[in-house]
1. Inside the range 1-110, counting only helices (runs of 4 or more DSSP H) that do not spill past its ends, which hold 1 or more residues that are of a type in the set (A, V, I, L, M, F, W, C) and either open to solvent by 80 Å² or more (accessible area, probe 1.4 Å) or in contact with a strand residue (DSSP E or B) (Cβ under 6 Å, 6 or more places away or on another chain) (or both)?
2. Filter the range 127-136 down to residues that are surrounded by 10 or more Cβ atoms within 10 Å (Cβ to Cβ) and out of contact with any helix residue (DSSP H, G or I) (no Cβ under 7 Å at 6 or more places or on another chain) and give me whichever is nearest to Tyr26 (Cα to Cα).
3. Is it the case that the range 75-94 has a residue that's under 17 Å from Ile20 (Cα atoms), among the hydrophobic types (A, V, I, L, M, F, W, C) and free of Cβ contacts under 8 Å to residues at least 24 places away in the same chain?
4. Return yes or no: is Asn114 out of contact with any helix residue (DSSP H, G or I) (no Cβ under 7 Å at 6 or more places or on another chain), assigned to a loop (DSSP other than H, G, I, E, B) and exposed (fewer than 15 other Cβ atoms within 10 Å of the Cβ)?
5. Might you let me know whether the range 133-153 holds any residue that is in a loop (DSSP other than H, G, I, E, B), touching a residue at least 60 places away in the same chain (Cβ under 8 Å), under 28 Å from Ala8 (Cα atoms) and among the hydrophobic types (A, V, I, L, M, F, W, C)?
6. Just one of (1) among the hydrophobic types (A, V, I, L, M, F, W, C); (2) open to solvent by less than 90 Å² (accessible area, probe 1.4 Å); (3) outside any helix (DSSP H, G or I); (4) modelled with pLDDT of 95 or more trips up Leu121, so point out which.
Amino acid sequence: MNIFIREAVKKDCERLLELIRELAIYERADEEVTVSLEEFQDSGFGVKPVWKAFVADVDGVIQGFGLYYIRYSTWKGRRLYLEDLLVTETMRGQGLGKLIFDKLIEEAIENGFNGMNWQVLDWNEPAINFYKKYNAVLDEGWLNVSLSKKQLENLV
């Protein structure tokens with residue numbers, strides 16, 4: 001098995017969206033994935049890209065990825081925000097998640113970020129246990145808040 005962790009390129013977007021849908025199904029939110037391939041590609045590789053990703057290429061097939069963007073904290077400064085980390089179900093337990101996460105840590109250090117942030121569902125024990133191996137701090141007492149595009153439009 002040949003494993004290569006590399007930066008995502010535009011031609012990876014279709015496969016990344018497949019994996020994002022797989023993640024949404026796992027997180028019991030498959031109806032929430034509404035981004036089009038065109039918007040996804042433009043957001044990562046267009047004139048003003050907002051995300052980057054590392055992929056786990058296993059024998060020529062992307063079997064996992066970590067997608068991130070830069071977040072700014074008025075308290076901490078620039079931080080890497082990990083939007084998604086996924087390894088396909090068939091490849092879990094083979095060290096791909098660790099390879100991707102370690103690459104993200106390297107990226108944060110190389111770019112002078114002041115840390116990393118991400119979210120994990122409170123019932124996702126395998127992920128929580130994975131992050132605990134890195135001594136990650138799980139913040140309690142914070143709630144996620146959002147407004148959809150439709151909600152925004154209804155407010156004006």
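The values are calculated or read from the model by the stated rules, or taken from the named source; none is laboratory data. What you see is a predicted model, and the numbers here were worked out from it, not measured in a lab. Methodologically, a virtual Cβ is constructed for each residue, glycine included, from the backbone with ideal geometry; neighbour enumeration extends over all protein chains shown. Keep in mind that these areas ignore ligands, DNA and RNA; they rest on the heavy atoms of the full protein, side chains included. Shrake-Rupley method; radii C 1.70, N 1.55, O 1.52, S 1.80 Å.
1. 13-26, 96-110
2. Only one residue tops the list, namely Ala127.
3. To start, the set of residues in the range 75-94 that are under 17 Å from Ile20 (Cα atoms) comprises 81-92.
Narrowing further to those that are among the hydrophobic types (A, V, I, L, M, F, W, C): 82, 85-87, 91.
When the remaining residues are screened for being free of Cβ contacts under 8 Å to residues at least 24 places away in the same chain, the result is none.
No, there is no match, as no residue in the range 75-94 is under 17 Å from Ile20 (Cα atoms), among the hydrophobic types (A, V, I, L, M, F, W, C) and free of Cβ contacts under 8 Å to residues at least 24 places away in the same chain.
4. Here the answer is yes, as Asn114 does meet what is asked.
5. Checked the range 133-153: no residue is in a loop (DSSP other than H, G, I, E, B), touching a residue at least 60 places away in the same chain (Cβ under 8 Å), under 28 Å from Ala8 (Cα atoms) and among the hydrophobic types (A, V, I, L, M, F, W, C).
6. Condition not satisfied by Leu121: (4).
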